[in-house]
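A short write-up of the structure that comes next.
The values are calculated or read from the model by the stated rules, or taken from the named source; none is laboratory data. For clarity, every value in this text was computed on a predicted model and none was experimentally measured. Neighbour counts run over all protein chains shown; Cβ positions are idealised from the backbone, glycine included. Only protein heavy atoms, including side chains, enter the accessible area calculation; ligands, DNA and RNA are left aside. Shrake-Rupley method; radii C 1.70, N 1.55, O 1.52, S 1.80 Å.
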Amino acid sequence: MNTKQLEDLILQSLEHEMGGVKVYEAALSCAVNSDLKREWSRYLEQTRSHVSILEEVCRAMKIDAGRETPSRQIVRAIGAALVDGMKLAKSGPDPGAAEIVACEAIVLAETKDHLDWELLSQCAEHLPGPMGDTVKSACETVEDQEDEHLYQTRGWCRELWIESLGFASVLPPPEERHHVKTAIGAARAQQAAEKRR
Ligand SMILES: [Fe+2]
Ligand SMILES: [Fe+2]
């Protein structure tokens, strides 16, 4: 395993979770639907805990959590761009449009979040001793939450778009009602929504 690249992944993941807190704060200010607000408030708290968990991983692996890296700067810039996009949407005349912009921002952010933890989980298998145990237990805590963050917000995003286009929407989306945690489950939930239109 390329341990230098693993260190880079851990610092990118940490930066992304830190940015994720700001992305969720901005998204919550754009959310209109009360069920969606409740879900995102829960995800915001979980994202805050992911920051602490990754700081703990850094301690266990003797990585300086504050070390600046080129890739980290890019992750930070992309997070800031998502926040800027939501602020711009929120200053516009249509709260429904801003809510969709926020959904898209969350889907984009959670796509990387999901990938980061998938990769960390793969690396954990190859890390020896207590280091491996720390990363493994971090992944066990976080991975299910990341599945929910991605698949459920994707469902919200699709249904809010469909509603805005004037078609029958299924809200909250089936992904949320069925607590979808897999790609196959998400595909089934989407199919279930199509059948109900
Ligand atoms: Fe996260
Ligand atoms: Fe997440």
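Using C-alpha pairs under 8 Å with a sequence gap of at least 6, the mean separation divided by the residue count of the chain gives a relative contact order of 22 percent. Surface analysis of the chain yields an accessible area of 51 Å² per residue, using protein heavy atoms and a 1.4 Å probe. For the range 56-147, relative contact order (Cα pairs under 8 Å, six or more residues apart, normalised by length) works out to 28 percent.
If you take the Cα centroid of the range 175-197 and the Cα centroid of the range 1-78, the two points sit 27 Å apart.
Here, the range 64-122 yields an orientationally averaged convex hull projection of 4.9 nm² when only Cα atoms define the hull. Lysine pairs in the chain whose alpha-carbon atoms fall under 17 angstrom of each other, counting only those eight or more residues apart or on distinct chains, come to 9. Cysteine residues of the chain whose C-beta has no other cysteine C-beta under 4.7 angstrom: C30, C58, C123, C139.
Our summary of shape: the Cα atoms of the chain have principal axis extents of 54, 35, 24 Å, ordered from largest down, in whole angstrom. The range 143-197 gives an Rg/Rh value of 0.97, both radii derived from C-alpha positions and Rh following Kirkwood. The orientation-averaged projection of the convex hull spanning the C-alpha atoms of the range 92-197 amounts to 7.5 square nanometres.
Along the range 115-120 the Karplus relation, 6.51 cos²θ - 1.76 cosθ + 1.60 evaluated at θ = phi - 60°, assigns HN-Hα couplings of 5, 3, 6, 4, 5, 4 Hz to successive residues, with x for each Gly and Pro.
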